[in-house]
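Since the structure comes first, as structure tokens, the remarks are kept for the end.
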Amino acid sequence: MACRSGCCCGSGPINEDNARFLLLALFIVVYLLCGAAVFSALEQPKEREAKERWAQRFEHFSQKYNLSKKDLNNFLRNYEEANVAGIRVDTIRPRWDFTGALYFVGTVVSTIGFGMTTPATIGGKVFLMFYGLLGCAATILFFNLFLERVITVIAFVLKSCHEQRRNKVVLPQNGRRVSDGNRAGGTGGAGRGKGEDLAGWKPSVYCVMLILGAAAILVSCCASLMYSAAEGWGYLDSLYFCFVAFSTIGFGDMVSSQRVVYEGHATTAYWLGNFFFILTGVCCIYSLFNVISIVIKQVLNWLLRRLEAPCRCCFPRRGHHPHRHPRRNVVAPGHLRARRDPSIETDGINESETDTGRRMSGEMISMRDFLAANKVNLAIMQKQLSEMAIGHPRQSSSSSRQNGFSGGVGALGIMNNRLAETSVDR
């Protein structure tokens with residue numbers, strides 16, 4: 001099984017990106033199955049108990065007031081329709097005044113989607129499709145830009161701490177206090193070498209993950225204190241709401257800022273605090289999720305390297321084909337990889353130039369050469385668009401794909417080559 005997922009057993013070598021994608025898909029499937037088993041074991045007894053209790057109350061109510069079960073069920077269905085429209089037993093603020101609509105569009109563009117307020121008219125549903133398309137895209141761009149600035153600030157702070165730690169004062173044997181830079185040799189070349197090493201220093205993804213995790217916990221704890229005092233929730237329930245809201249899961253079972261007036265609290269101040277904590281929490285959790293995804297990708301790369309070793313025994317039996325052009329990013333032992341380093345700009349050209357006597361003869365181009373040329377042009381265009389989205393071009397390097405972090409779009413593209421684990425010169 002290991003051989004088939006990592007080498008030429010079966011249908012040939014597997015592209016490294018495809019192998020990583022398959023491993024991630026397998027991990028998600030297993031993760032879903034495990035999560036379903038845990039939640040089923042925890043929540044199913046509570047569900048059965050609630051159903052039995054409701055059946056007893058329903059039977060008791062229908063007998064006490066001499067109501068038929070059919071009429072009572074019809075009344076409950078009418079209440080469910082009113083509940084969808086925003087009508088509750090307890091008094092809550094209007095759903096579709098300006099402040100209520102502003103809260104609704106905030107949950108739409110942030111992709112939280114609590115579900116308590118939904119459009120009921122055809123015009124509202126149609127408008128939501130177009131409004132959410134542009135709003136969600138703009139919000140995701142905002143989150144990516146926030147992530148870029150957070151990574152930059154954290155890298156600057158960690159680099160300053162690293163520089164201070166390297167230049168801290170030490171006490172040598174002669175009792176004279178010198179710094180690390182002076183005791184390295186005292187020459188200008190040594191100082192320049194240390195400066196160059198420090199200029200290329202990048203923070204570890206684990207340090208960044210720890211800082212973002214601490215920031216997310218701090219924001220959640222402070223927000224939970226506010227929600228516990230204002231909404232009357234328990235502190236654990238408030239923490240649960242913070243995670244559900246900040247991670248944009250948005251179940252809708254608990255929603256903040258729904259009362260008309262909050263007794264003992266300034267309502268406007270609470271609404272502003274709710275907006276601030278949700279915005280800050282969503283940005284922190286989004287950044288933390290993307291950094292955790294880098295760690296998951298590292299684990300996948302480690303698994304691919306482990307799967308690469310057992311497959312070495314398969315190659316002698318299969319034989320070597322000297323005329324077969326190896327594919328890029330194959331998960332294969334190092335001594336069987338191509339000696340040249342193919343790139344996006346030259347890969348298709350080198351493959352098409354293997355046919356002799358056809359470049360300068362004026363002969364019509366073959367379908368194979370035509371597809372290869374289009375493949376190169378599309379790859380170059382994709383690379384340029386990725387560089388424009390990131391904001392600065394990436395430097396090409398022969399080792400750009402050795403650690404599996406050379407590509408990526410969106411948040412992965414932003415963090416590319418900014419952390420120690422995603423750096424090409426690592």
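The values are calculated or read from the model by the stated rules, or taken from the named source; none is laboratory data. Just so it is clear, the structure is predicted and the values come from calculations on it, not from any experiment. Because the Cβ atoms are built from the backbone with ideal geometry, glycine has one as well, and the counts that use them run over all protein chains shown. What goes into the accessible areas is simple: the full protein's heavy atoms, side chains included, and nothing from ligands, DNA or RNA. Shrake-Rupley method; radii C 1.70, N 1.55, O 1.52, S 1.80 Å.
Would it be correct to say that VAL30 is in a helix (DSSP H, G or I) and closer than 20 Å to SER293 by Cα?
It is true that VAL30 is in a helix (DSSP H, G or I) and closer than 20 Å to SER293 by Cα.
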Just the residues that are within 15 Å of ILE285 (Cα to Cα), touching a Ser or Thr at 6+ places or on another chain (Cβ under 8 Å) and small (Gly, Ala, Ser), please, taken from the stretch 219-236.
ALA223
Scope the stretch 252-286; condition over 20 Å from GLY115 (Cα atoms), over 28 Å from the mean Cα position of the chain (by Cα) and either outside the structural domain of GLU148 (by the TED database) or of a type in the set (Val, Ile, Thr) (or both); matching residues:
VAL261, THR267, THR268
Tell me, yes or no, whether the stretch 114-136 has at least one residue that is of a type in the set (Phe, Trp, Tyr), touching a residue at least 24 places away in the same chain (Cβ under 8 Å) and over 25 Å from TYR240 (Cα atoms).
yes
Listed by first then second residue, the pairs whose first member lies in the stretch 69-97 and is over 30 Å from THR267 (Cα atoms) and surrounded by 13 or more Cβ atoms within 10 Å (Cβ to Cβ), whose partner is of a type in the set (Phe, Trp, Tyr) and modelled with pLDDT of 90 or more, with beta carbons under 8 Å and at least 6 positions apart or on separate chains, are LEU72/PHE58; LEU72/PHE61
Looking only at residues in the stretch 248-283 that are among the aromatic types (Phe, Trp, Tyr) and either surrounded by fewer than 19 Cβ atoms within 10 Å (Cβ to Cβ) or in contact with a strand residue (DSSP E or B) (Cβ under 8 Å, 6 or more places away or on another chain) (or both), which one is nearest to THR91 (Cα to Cα)?
TYR262
Hits in the stretch 284-312 - residues which are loosely packed, with under 15 Cβ neighbours inside 10 Å and of a type in the set (Val, Ile, Thr)
ILE292, VAL295, ILE296, VAL299
Per the filter on the stretch 9-63, residues basic (Lys, Arg) and within 17 Å of ASN301 (Cβ to Cβ) are ARG20
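Keeping to the stretch 44-68, report how many residues are open to solvent by 100 Å² or more (accessible area, probe 1.4 Å) and either touching an Asp or Glu at 6+ places or on another chain (Cβ under 6 Å) or not aromatic (Phe, Trp, Tyr) (or both).
Of the residues in the stretch 44-68, the ones open to solvent by 100 Å² or more (accessible area, probe 1.4 Å) are 46, 48, 51-52, 54, 56-57, 60, 63-66.
Checking the rest, the ones that are also either touching an Asp or Glu at 6+ places or on another chain (Cβ under 6 Å) or not aromatic (Phe, Trp, Tyr) (or both) come to 46, 48, 51-52, 56-57, 60, 63-64, 66.
Result for the stretch 44-68: 10.
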For the stretch 88-136, enumerate the residues that are in a loop (DSSP other than H, G, I, E, B) and basic (Lys, Arg).
ARG88, ARG93, ARG95
Please verify whether the stretch 237-247 includes one or more residues that are surrounded by fewer than 17 Cβ atoms within 10 Å (Cβ to Cβ) and over 15 Å from VAL282 (Cα atoms).
yes
Among the numbered criteria (1) surrounded by 13 or more Cβ atoms within 10 Å (Cβ to Cβ); (2) among the polar types (S, T, N, Q); (3) modelled with pLDDT of 90 or more, which single criterion is violated by THR118?
(3)
